[in-house]
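What follows is a single structure, written as structure tokens, with notes after it.
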Amino acid sequence: MVIQELPMPQLANGMVLVKNHYSLISAGTEGSTVKAARKSLIGKAKERPQQVRQVLDVLKKQGVVQTYRAVMKKLDAYSPLGYSCAGEVIEVADDVVGFEVGDFVACAGAGYANHAEVVSVPVNLCVKLDKEADLSLACYNTLGAIALQGVRQADLRLGETCAVIGLGLIGQLACLELKASGVNVIGIDVSEAAVEMSRKHCADLAFTRNNPGIVEAVLDYTHGLGVDAVIIAAATDSLDPVNFAGAICRKKGRVVVLGAVPTGFDRDPYYYKKELELRMSCSYGPGRYDLNYEEKGEDYPAAYVRWTEKRNMEAFQRLVASGKMDISYLTTHRFKFEDAPKAYDIVVNRSEPFLGIVLEYDYSKEHVRKALEVNTAVKTSRINIGFIGAGSYAQGNLLPNLPSTDEVGRIAVMTNSGTTAKRVAEKYKFAKCTSSEQDILQDKTINTIFVATRHDTHARYVMDALNAGKNVYVEKPLCLTMEELQEIEKLCAEKKQGVMIGFNRRFSPFARILKKKMGSGKMSMVYRVNAGAIPADSWIQDMQVGGGRIIGEACHFIDFMTFMCGSLPCKVSAMALSDSQKLNDTVNILVEFENGSTGVVAYYANGSKLLEKEYFEVYSTGMTGIIRDFKRCEIYGKKLEKHTLSAQDKGQKDMMSEFFKSLKEGCMPISMDEIFAVTKSTFAVLKSLQESGSVVKF
């Protein structure tokens, strides 16, 4: 664990930049993260068997090299901690209303409300506070909202009784919120200290779990009825909390799981006979994990969803500010931000009793957005590169395949948060890292820019790079709309400059072998893709952000057929499975090419994971070629010819080699006619789907 100097986070649309005054350590969530991080590789593997299975699956499909890169990317990454803070707004995005520079705010969200001097937070994860607010208490924002969502799920009325099992930080907050709403509270924990604290501050009755007469005492307190609801705020692998909740709950009562506990309860004698209701409480409330709500700022109508995660946070802050809840006793420790590792030592080692641990920041400091020098020994070359975006794909396939530092000057890397940018700059020996694309676009040393960001930013960055006179490599897709494509076409013509796009499969060894053997002429092709399902709420499926799977991925397979037959696509028609029409991810696409070749892309998201992902067949002049997941190749002519690879090779390494070679020779590896035609074909597919399979020419 280290405290690092990073570039200031990027201020994207819908976000505010906040200078932290205080942040709260969540001992449960963050403590388990730190414990896992400190374990050996074997220890990590034992703790996360599901991820081990994922690693083995990748190993079978992609081979040792790609698996190693994927694993090390995760293990080497800097992982920021924290998700609850309070501070002062220092910048506001142009599209944000309701916040101004100087406002006091409380913030939430892993990856946003970090333990950091400056954080960038979406508006729906940020609540405005009064100028008189005590920010050292306001920083309990996230945990207060989590507890409040549990209370809401319990659905209690004035005068009813609730038991809270687990009296850590969230349990204590739940007790306080229940008391503020006029509910009688019984606190239960395995720790005598936690029980004593709840007796003093937030519970009408409190017991240690090992108290032999606890069930009878609860029944006596509730006049034989049992509690109306139980909120389980404990964290344990034991079934005792959920079974014990059944024992003390009244008939038709509710048990709310707020903490991390197993739910495999004993059906008899309690849950079945009492007809108990078991409810889950999801984090801060409605809106959590919804991309449209959290990142795009789309609110739910209050008349239909009264308590969203933001409204829960606002309610919690009002309770604290009004004095209806006194949470000051929860803070048992305060540390200066620079002493944060000492705080985590207490959490992990349990070296002394603690509850709420608050980090204090020097908020008198001024923060300036600038690039951060990482490697001062970097030398410039004939080709000098900058990366805009450096996520999983870039780290697994692009950055490892860069030419040596003697051949290419590695100048700068930019990501939204700065955390990834710093690690990538260190690992791949870039001179500096930044969170501003202008530090790359305006750097006169840089003549080549890689764009590997989310799809909705590709067109903008490509055009900005072309206008800055840079060579451009962009990951697919080139853009998301026909209007963007037309602008890029016009700009390329004006600048007399091309763009390289990451259509890597045409550079694979098997693609080149098959292309040479099949020759030229009309071809019939089938490309079956066992794509697998991606959740509907993923950014990839979002048409405004990811463009959907046709634009975002099917472009690969149309390009591959374009390369194989040596002709441009000119006409498409498509039909989607009726169940997948909203996502368009189970589709048959028929493509016609200018030379008369035809191809079918069978793109399916509803298949078995056991089947290989990609299978390609091509037929021409008495020959047939097959590529099986880029690990095996078969060519049927006068005799059968077989080729195999020990590991999958989809051409990324050779693609990068060809791109850098082209920068020296002045001719892009893929013609712009092909890039534009393939991109237009994906738009045409969507149009055909909208028109029930009509033939669309372009």
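Observations
- Cβ-Cβ contacts under 7 Å between residues 6 or more apart (or on different chains), taken from a first residue in segment 300-325 that is under 19 Å from Lys179 (Cβ atoms) and free of Cβ contacts under 8 Å to residues at least 60 places away in the same chain to a second residue that is open to solvent by 40 Å² or more (accessible area, probe 1.4 Å) and in a helix (DSSP H, G or I), are absent.
- Any hit, segment 578-590, residues being open to solvent by less than 10 Å² (accessible area, probe 1.4 Å), part of a helix (DSSP H, G or I) and within 21 Å of Ile627 (Cα to Cα): no
- Top-ranked residue in segment 488-521 [being in a loop (DSSP other than H, G, I, E, B) and more than 36 Å from the chain's Cα centre (by Cα); ranked as nearest to Asn595 (Cα to Cα)]: Gly521
- Residue ranges of strands (runs of 3 or more DSSP E) in segment 101-191 with at least 2 members of a type in the set (Val, Ile, Thr) and within 29 Å of Ala229 (Cβ to Cβ): 161-165, 184-189
- Filtered residues of segment 144-184 (kept if touching a Ser or Thr at 6+ places or on another chain (Cβ under 6 Å), open to solvent by less than 10 Å² (accessible area, probe 1.4 Å) and either under 21 Å from Ala86 (Cβ atoms) or of a type outside the set (A, V, I, L, M, F, W, C) (or both)): Gly150
- Odd one out for Asp94 among (1) charged (D, E, K, R); (2) more than 27 Å from Glu426 (Cα to Cα); (3) not in a loop (DSSP other than H, G, I, E, B): (3)
- Lone qualifier among Ala247, Ala260, Ala217 - being over 14 Å from Ile188 (Cβ atoms) and surrounded by fewer than 24 Cβ atoms within 10 Å (Cβ to Cβ): Ala260
- Yes/no for Ile449 being among the β-branched types (Val, Ile, Thr) and over 15 Å from Thr682 (Cβ atoms): yes
- Per-region count, segment 320-339, residues within 14 Å of Leu143 (Cα to Cα) and acidic (Asp, Glu): 0
- Residue check for Asp237: in contact (Cβ under 8 Å) with a residue 24 or more places away in the chain and surrounded by fewer than 18 Cβ atoms within 10 Å (Cβ to Cβ): yes
- Scan of segment 110-143 for residues that are buried (at least 24 other Cβ atoms within 10 Å of the Cβ) and small (Gly, Ala, Ser), ordered by number: Ala113, Ala116, Ser120, Ala138
- The residue list Arg549, Arg512, Arg506 contains one member that is among the basic types (Lys, Arg), modelled with pLDDT of 95 or more and closer than 28 Å to Lys582 by Cα, which is Arg549.
- Among the residues of segment 13-43, those identified as in a helix (DSSP H, G or I) and polar (S, T, N, Q) are Thr29, Ser32, Thr33.
- Within the set Met518, Met500, the sole residue that is closer than 26 Å to Tyr619 by Cβ and either open to solvent by less than 20 Å² (accessible area, probe 1.4 Å) or not small (Gly, Ala, Ser) (or both) turns out to be Met518.
- Residue pairs meeting the criteria (Cβ under 7 Å; at least 6 apart or on separate chains; first charged (D, E, K, R), in segment 493-507; second buried (at least 16 other Cβ atoms within 10 Å of the Cβ) and assigned to a loop (DSSP other than H, G, I, E, B)): Arg505/Lys650; Arg505/Gly651; Arg506/Gly651
- Residue ID - surrounded by the fewest Cβ atoms within 10 Å (Cβ to Cβ), chosen from residues in segment 649-666 that are within 32 Å of the chain's Cα centre (by Cα) and among the aliphatic types (A, V, I, L, M): Met656
- Restricting segment 627-648 to residues that are within 30 Å of Val499 (Cα to Cα) and of a type in the set (A, V, I, L, M), the residue that is surrounded by the most Cβ atoms within 10 Å (Cβ to Cβ): Ile627
- Neighbours by Cβ (under 6 Å, 6+ apart or cross-chain): first from segment 431-445, assigned to a loop (DSSP other than H, G, I, E, B); second surrounded by 23 or more Cβ atoms within 10 Å (Cβ to Cβ): Ala431/Ile411; Ser435/Pro7; Ser435/Met8; Ser435/Pro9; Ser435/Gly418; Glu437/Ile388; Glu437/Met414; Thr445/Ile411
- Residue that is open to solvent by less than 40 Å² (accessible area, probe 1.4 Å) and either at positive phi or within 34 Å of the chain's Cα centre (by Cα) (or both), where the choices are Ile551, Ile534: Ile551
- Spans of helices (runs of 4 or more DSSP H) in segment 268-380 with at least 3 residues at pLDDT below 95 and open to solvent by less than 80 Å² (accessible area, probe 1.4 Å): 291-294, 340-349
- Screening the candidates Lys61, Lys46 for the property of being open to solvent by 50 Å² or more (accessible area, probe 1.4 Å), in a helix (DSSP H, G or I) and more than 30 Å from Gly168 (Cα to Cα) yields one hit, Lys61.
- Residues satisfying the stated conditions in segment 64-99, i.e. surrounded by fewer than 19 Cβ atoms within 10 Å (Cβ to Cβ), within 17 Å of the chain's Cα centre (by Cα) and of a type in the set (Lys, Arg): Lys74
- Any chance Leu568 is open to solvent by 50 Å² or more (accessible area, probe 1.4 Å), in contact (Cβ under 8 Å) with a residue 12 or more places away in the chain and in contact with a helix residue (DSSP H, G or I) (Cβ under 9 Å, 6 or more places away or on another chain): no
The values are calculated or read from the model by the stated rules, or taken from the named source; none is laboratory data. None of the values given here were measured: they were computed from a predicted structure. Please note: Cβ atoms are built from the backbone with ideal geometry, for glycine as well, and neighbour counts cover all protein chains shown. Side chains are part of the model used for accessible areas, which takes the heavy atoms of the whole protein and leaves out ligands, DNA and RNA. Shrake-Rupley method; radii C 1.70, N 1.55, O 1.52, S 1.80 Å.
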